[in-house]
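For reference, the structure is listed below as structure tokens.
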Amino acid sequence: MAIEKEVVRFGPYAGFIANGVRVGNVIHLSGQVGMDAQGQVVGVDDTAAQVRQAYANIAETLEKFGATMANIVDETFFVTDVAGIMADAKAVFGARIEAYGGEPEVTQTMVEVAALVMPELRVEIKCVAYV
Amino acid sequence: MAIEKEVVRFGPYAGFIANGVRVGNVIHLSGQVGMDAQGQVVGVDDTAAQVRQAYANIAETLEKFGATMANIVDETFFVTDVAGIMADAKAVFGARIEAYGGEPEVTQTMVEVAALVMPELRVEIKCVAYV
Amino acid sequence: MAIEKEVVRFGPYAGFIANGVRVGNVIHLSGQVGMDAQGQVVGVDDTAAQVRQAYANIAETLEKFGATMANIVDETFFVTDVAGIMADAKAVFGARIEAYGGEPEVTQTMVEVAALVMPELRVEIKCVAYV
């Protein structure tokens, strides 16, 4: 019962983790963080900057599947300081609206976790998209 | 590669977040919490009451897609006090069985998070359903 | 709008939770932990051992659907000590590569949670597979 996967890998951790895998019309994406192509965390004290970079990584992944941000259906935000995000909601969600080019038609779940994979990270965004 | 989304929005945060999005036969739902239609948290000290309200919100979302609780396949419980839930399992899971009208045929994952989006919240339930 | 579910239940908590549910070509799995068929946590101080047992449970679930580890597309790791896992990455991810029989083609998200359902647990792995 083998399945056909389309796998996208790029960036500093391409050897360890796939950025996205498509099976049929669904694309699962690995959680994306505010890390650039050189492996540097952007905006160590700036959640909105990390959100912007995470979405840039998501958009780049989707592009390699021939898809765009409009293909995203579900997102989970794992954050390290939800109260801080709520207090700075205009900047953080402004970065999100900017990334989508408008208020997106997606479901969203946001929870505060104890930690992300690196201490400098403030947000990790896990998306499911469809084509 | 545009996709057709059916989007359901209602309740106090309809301007910010979709309650559910359907693409093809899958419905993703945003994490639902123990908040009523007026934006009030119910059962501030009562996890079972929050579970009951969260499922009421889930059922209402599914109904707008022409679906019911029986369409749910997967649920993730993000909770703020897993030991407290285990100690009060009869009430909490009783509320769940009541919401489903019997022991449900769904997969479940439960983890304790550091916080939810509002400090009064004790549980957030994220579901995936199919039609 | 009823759907047809194939449900797999086994192990010490079969009465409370489905291990996996298939609808169409997608299989959702409940988060799996380092607990054996007798309900004993393996490797209380050994994350790699818990990862090995969790994947054994996942493989057993998939087998009952006629599927294998190669059918997994997405995994979420909920862990209690991400820094410890990173410091012991060779053992932990070695156990993962062993379970898959090579570097897997799956997406992965890893976050540190405040707690899992039992204090002895160090990792819970939630997978989505396709057939």
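Remarks
- So A:Ala67, is it among the hydrophobic types (A, V, I, L, M, F, W, C) and part of a loop (DSSP other than H, G, I, E, B): yes
One line per residue, one yes/no per condition, for (1) facing chain C (nearest Cβ under 10 Å); (2) more than 21 Å from C:Lys126 (Cβ to Cβ):
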residue	(1), (2)
B:Val92	no, no
B:Tyr100	no, no
B:Pro104	yes, no
B:Gln108	yes, no
B:Val111	yes, no
B:Ala114	yes, no
B:Val128	yes, no
B:Val131	yes, yes
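Yes/no per residue for (1) within 28 Å of B:Ile97 (Cα to Cα); (2) modelled with pLDDT of 95 or more; (3) touching a Leu at 6+ places or on another chain (Cβ under 9 Å):
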site	(1), (2), (3)
C:Asn19	yes, yes, yes
C:Val23	yes, yes, no
C:Thr47	no, yes, no
C:Glu98	no, yes, no
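- Residue in region A:16-62 that is farthest from A:Gln108 (Cα to Cα), counting only those that are more than 9 Å from chain C (Cβ to nearest Cβ) and among the hydroxyl-bearing types (Ser, Thr, Tyr): A:Thr61
- Flag set for C:Thr68, criterion: polar (S, T, N, Q), at the interface with chain A (Cβ under 10 Å from one of its Cβ atoms), farther than 18 Å from A:Met118 by Cβ and surrounded by fewer than 20 Cβ atoms within 10 Å (Cβ to Cβ).
- Only listed residue being touching a helix residue (DSSP H, G or I) at 6+ places or on another chain (Cβ under 7 Å) and either without any contact (Cβ under 8 Å) to a residue 24 or more places away in the chain or of a type in the set (A, V, I, L, M, F, W, C) (or both), chosen from B:Val26, B:Val33: B:Val33
- Among the residues of region A:71-89, those identified as at the interface with another protein chain (Cβ under 7 Å from one of its Cβ atoms) and either in contact with a helix residue (DSSP H, G or I) (Cβ under 8 Å, 6 or more places away or on another chain) or among the aromatic types (Phe, Trp, Tyr) (or both) are A:Asn71, A:Phe78.
- Residue that is surrounded by the most Cβ atoms within 10 Å (Cβ to Cβ), among those in region A:95-127 that are more than 15 Å from the chain's Cα centre (by Cα) and in contact (Cβ under 8 Å) with a residue 40 or more places away in the chain: A:Glu120
- When C:Val23, C:Val41 are checked against the criterion of being crowded, with 20+ Cβ neighbours inside 10 Å, more than 11 Å from the chain's Cα centre (by Cα) and not charged (D, E, K, R), a single residue qualifies: C:Val23.
The values are calculated or read from the model by the stated rules, or taken from the named source; none is laboratory data. Here the structure is a predicted model, which means the values were calculated and not measured. Positions of Cβ are generated from backbone atoms using ideal geometry, with glycine treated the same way; all protein chains shown enter the neighbour counts.
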